[in-house]
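What follows is one structure encoded as structure tokens, with my remarks underneath.
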Amino acid sequence: MADFRKSTIYQIYTKSFMDASGDGFGDIKGVTARLDYLAWLGVDYVWLTPFFCSPQRDNGYDVSDYRKVDPIFGTMEDVEELIAEGKKRGIGLMFDMVFNHTSTDHVWFQKALEGDPYYMDYYIFRDGRGSLPPTNWESKFGGNAWKYVPKLDKWYLHLYDEGQADLNWDNPKVREELKDIVRFWKQKGAEGFRFDVVNLVSKPEVFQDDTHGDGRRFYTDGPHIHEYLRELAEDTGICDMITVGEMSSTSLEACIGYTKPERRELSMCFHFHHLKVDYKDGDKWELMEPDRRKLKELFAAWQEGMEKGGGWEAVFWCNHDQPRAVSRFGDDGKYWKESAKMLAGAIHFMRGTPYVYQGEEIGMTNAGYDAIGQFRDVESLNYYEILLGRGKSQEEALKVIQERSRDNGRTPMQWDASGNAGFTEGEPWIRIPDNHQTINVEEERKDEDSILYFYRRLIALRKQYPVIAQGDIHFFLREDEHVLAYCREDDQALLTVVCNLTGKDCTVEDCEALHVEGAALLAGNYPGQEETIAIQKLRPYEFAAYWRQK
Ligand code: NOJ
């Protein structure tokens, strides 16, 4: 198994990657058909989003049977074939374990609904307060987080959609069931796991109203979380495999605890603080230009803090829950290529394991939908209504959804310029952006200066230069509003990275770290950077990384 520090992980959103059956949904056979592409790109692992049986209210994050493959994605034989074909190419498969909640269609929940006390204790059922829910907590998808079941005269907790009922991890039988699922997929040949919103699983003993928040402070990084994660890892023998936990609204301190190797909990974790710098007053549904100074502060605090504490991060801009980075932090018009490369370079040389989300490597942009009917995501559709309820006009509400919808990251992979972008021969489940005619894999494979080739080079460099995987990190030019700059250093070498985060020329204040004479350009996004090593003036979105032996 490849060392996770030297590895690059590619995330596939199964529904939108490649449709081999022609029904308009991406599927497992489609992924297998594209493994040669992923091997060419050089990735070590593929994280595949859930393909298990599900009513698909939240695109598979509502699992109704963890051991069965949903027919829209294929069969168990298809998964076995994918694992075997991946192995042949040196690509390990990581599966997505959605263990904070199950679908309400899951047999455990169905039995709970019949009033079976054994299964009611698998979930979180509570009495209401008269006609009011047990607490005022809010669901992450909008509305109250409790749903009333008249037959039982009780409410169940759903931190996400009402079709996703939260599991009761304090019940040891639930934890045993979940371990068995991990063992099942491990035995099938999975080489790693991603755990969905796993820092939310340990709920408080007492459920009470949150007088100044939506409830998250009571269940985020909850009371037994470290104990439960360690138990899960040790009892399933996954401590030596690659594992990543998705952490919602977490803290640096908690993440150090989750990922310090001696704690035997997880290899690394995702956190999202840097992806909230364009939320006005912390509200995802209020638009704001990214606060670049804040972005820099967060990178520095987390990167240096994780190093100091001995933890390990997943580094990333994009996933299936996020708008496309090039549209959000770069420029998907005039400086499309430069800004996409700069964003890639900015994180691929950081300390942590980089994740490439399907399509990011070719600079895929936001969806560009112009009507609410084109959106599919339950969260976007809920919030469109909520925004109208808050008094926004249809036009204003649509503008917010256009910017913030998770569907921006869920449009089908753009393989070529043909009608359906080479994704399907059927009717795609979600609209394909018009720009697939110019932004697609086929085009970029013909051009060695493309974004795609740039990603391929970054992935290769991590393997060639130990300082990228192992070096210490130190940020400089901390006060500069435009330039993100850091050094990586080990016994042998020094790597200096500078990025102009803006679309304007800028002058950089002289400082010692910028004196990189005698260094070689490892990667850059403008011609002629080999000769102009001074880094005193940066062009729009300019990025350069210089390496020298010590
Ligand atoms: C995080 C997943 O990435 C997201 O897509 C999903 O909606 C929630 N967890 C709930 O499972």
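The values are calculated or read from the model by the stated rules, or taken from the named source; none is laboratory data. On a predicted model such as this, the values are computed, not experimentally measured, just so you know. The accessibility values were calculated without ligands, DNA or RNA, using every heavy atom of the protein model including side chains. Shrake-Rupley method; radii C 1.70, N 1.55, O 1.52, S 1.80 Å.
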Once you order the gyration tensor axes a ≥ b ≥ c over the Cα atoms, which shape class does the range 159-292 get: rounded for a/c under 1.5, otherwise prolate or oblate by comparing a/b with b/c?
prolate
Under a 5 Å amide H to amide H cut-off, with H placed in plane at 1.01 Å, what residues pair with Val315 once short-range neighbours are removed?
Thr353, Tyr355
Report, in whole Å, the centroid distance computed from the Cα atoms of the range 451-465 and the range 312-359.
14 Å
Report, to the nearest whole %, how much of the accessible area of the range 477-529 belongs to carbon and sulfur atoms, 1.4 Å probe, protein only.
46 percent
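Could you give the C-alpha radius of gyration of the chain expressed as a fraction of 2.2 N^0.38 Å, taking N as the number of residues it contains? Intermediate values should be presented prior to the final figure.
Details: Rg = 23.2 Å, N = 550, 2.2 N^0.38 = 24.2 Å.
Computed over Cα atoms of the chain, the ratio equals 0.96.
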Take the alpha carbon atoms of the range 407-421, find their center, do the same for the range 57-130, and report the distance between the two centers in whole angstrom.
27 Å
C-alpha long axis of helix 378-389 to longest principal axis of the chain, angle in °:
80 degrees
So, relative contact order of the chain in percent, Cα under 8 Å, 6 or more apart, is 13 percent
Greater than 23 Å separation of Cα atoms is the criterion. Which listed pairs, Lys284/Lys537; Lys337/Lys550; Lys308/Lys341; Lys308/Lys337; Lys308/Lys504; Lys140/Lys280, meet it?
Lys284/Lys537; Lys337/Lys550; Lys308/Lys341; Lys308/Lys337; Lys308/Lys504
Hey, what's the per residue convex hull volume over the C-alpha atoms of the range 468-549, in cubic angstrom?
86 Å³
Value at 222 nm in deg cm²/dmol, rounded to 500, when DSSP H runs of n ≥ 4 in the chain each add -39,500 (n - 2.57)
-8500 deg cm²/dmol
As a percent rounded to 5, the proportion of antiparallel DSSP bridges among beta bridges in the chain is 60 percent
Would you mind checking the tilt of helix 336-348 against the longest principal axis of the Cα atoms of the chain, expressed as 0 to 90 degrees and rounded to 10?
80 degrees
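With a ≥ b ≥ c taken as the square roots of the eigenvalues of the C-alpha gyration tensor of the range 107-166, please select rounded if a/c is under 1.5 and otherwise prolate if a/b is larger than b/c or oblate if it is not?
Oblate is the answer for the range 107-166, as a/c is 1.5 or above yet b/c matches or exceeds a/b.
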Pairs Lys15/Lys68; Lys276/Lys446; Lys154/Lys203; Lys294/Lys446; Lys147/Lys173; Lys111/Lys173: which exceed 26 Å Cα-Cα?
Lys276/Lys446; Lys294/Lys446
Taking a ≥ b ≥ c as the square roots of the eigenvalues of the Cα gyration tensor of the range 297-351, is the shape rounded (a/c under 1.5), prolate (a/b larger than b/c) or oblate?
prolate
How many percent of the accessible area of the range 107-166 is carbon or sulfur, using a 1.4 Å probe?
52 percent
With every protein chain kept in place and a 1.4 Å probe, the residues Val206, Val277 fall, from largest accessible area down, as Val206, Val277
Round to a whole angstrom and tell me the spacing of the C-alpha centers of the range 254-296 and the range 1-52.
25 Å
Express the accessible area of the range 468-549 per residue in Å², computed with a 1.4 Å probe while the remaining protein chains stay in the model.
46 Å²
